[in-house]
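Each value in this text was obtained by applying a stated rule to the coordinates, not by laboratory testing. Please read these numbers as outputs of a predicted model, since none were measured by experiment. Glycine also receives a Cβ, built like all others from the backbone with ideal geometry; neighbour counts cover every protein chain displayed.
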Amino acid sequence: MRLKVIACLLLALLASSFAAPSAKTTAKTQTGKVAAPSEIKPLPPAVADSLNWFAAREMGGANMPFTRAHLAKVAAGSNRVALVYFATWCVPCRAGMKKLVESRQELEQNGVKVILVNAGEREEAKIKKMVETLGATVFPVVLDPYKRLSEGIGLIKEGENIALPMTLVVDNAAKPVFMVGQEGSDWPSVLWTK
């Protein structure tokens, strides 16, 4: 009897290993591995209903402030706004930003505005060079050296480092909708299809 059970289990295991992959997991990376979809993370309780007040500044000569009120104006003119957190040392962030640049027309067609948020770095020249190198100057860049847009709004606890890449998506009323952790095979379409 035990032999029959073991044989059935082995057959089931063997059959499942030859099954075709699901439609969600069929995208392949450059190395030929099957890529997973983007990691959708739950919203932290502190941002589940709305964002706390914050203030950072946009990169550029004018040093324009970027506040919750500014985000609300941007959101009102779109379906969604993606706050895409990045750092110059984050290799996956570079790949995600390249895909955003390549998908700019699709983002616009689907009413998604992208705002790049540099998380915790103070070297503006280094940040600017990375954004220019990736061709991402088509998106506004917010500098957040003091973590006002991560720690300050409750995405992470005080003193914690933000896990990158990370994207916070808000709706047209600037209400948080969902977060994306690791970007996957559906990046950036997940920004308008989720």
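Within segment 157-169, residues that are more than 16 Å from C93 (Cβ to Cβ) and without any contact (Cβ under 8 Å) to a residue 40 or more places away in the chain sit with their Cβ atoms under 6 Å from residues that are assigned to a loop (DSSP other than H, G, I, E, B) and of a type in the set (D, E, K, R), at 6+ positions apart or across chains, in these pairs: E158/E151.
Touching a residue at least 24 places away in the same chain (Cβ under 8 Å), farther than 25 Å from G184 by Cα and out of contact with any Ser or Thr (no Cβ under 9 Å at 6 or more places or on another chain): does that describe A87? Judged against the criteria, A87 is not a match. Counting just the residues of segment 61-80 that are among the small types (G, A, S) and without any contact (Cβ under 8 Å) to a residue 24 or more places away in the chain, which one comes out surrounded by the most Cβ atoms within 10 Å (Cβ to Cβ)? Once the filter is applied, the top-ranked residue is A69.
Can you tell me which residue is nearest to K126 (Cα to Cα) among those in segment 47-78 that are touching a strand residue (DSSP E or B) at 6+ places or on another chain (Cβ under 6 Å) and in a loop (DSSP other than H, G, I, E, B)? Here the residue is M59.
Within segment 130-156, the set of residues being free of Cβ contacts under 8 Å to residues at least 24 places away in the same chain and within 22 Å of R104 (Cβ to Cβ) comprises E132, T133, T137.
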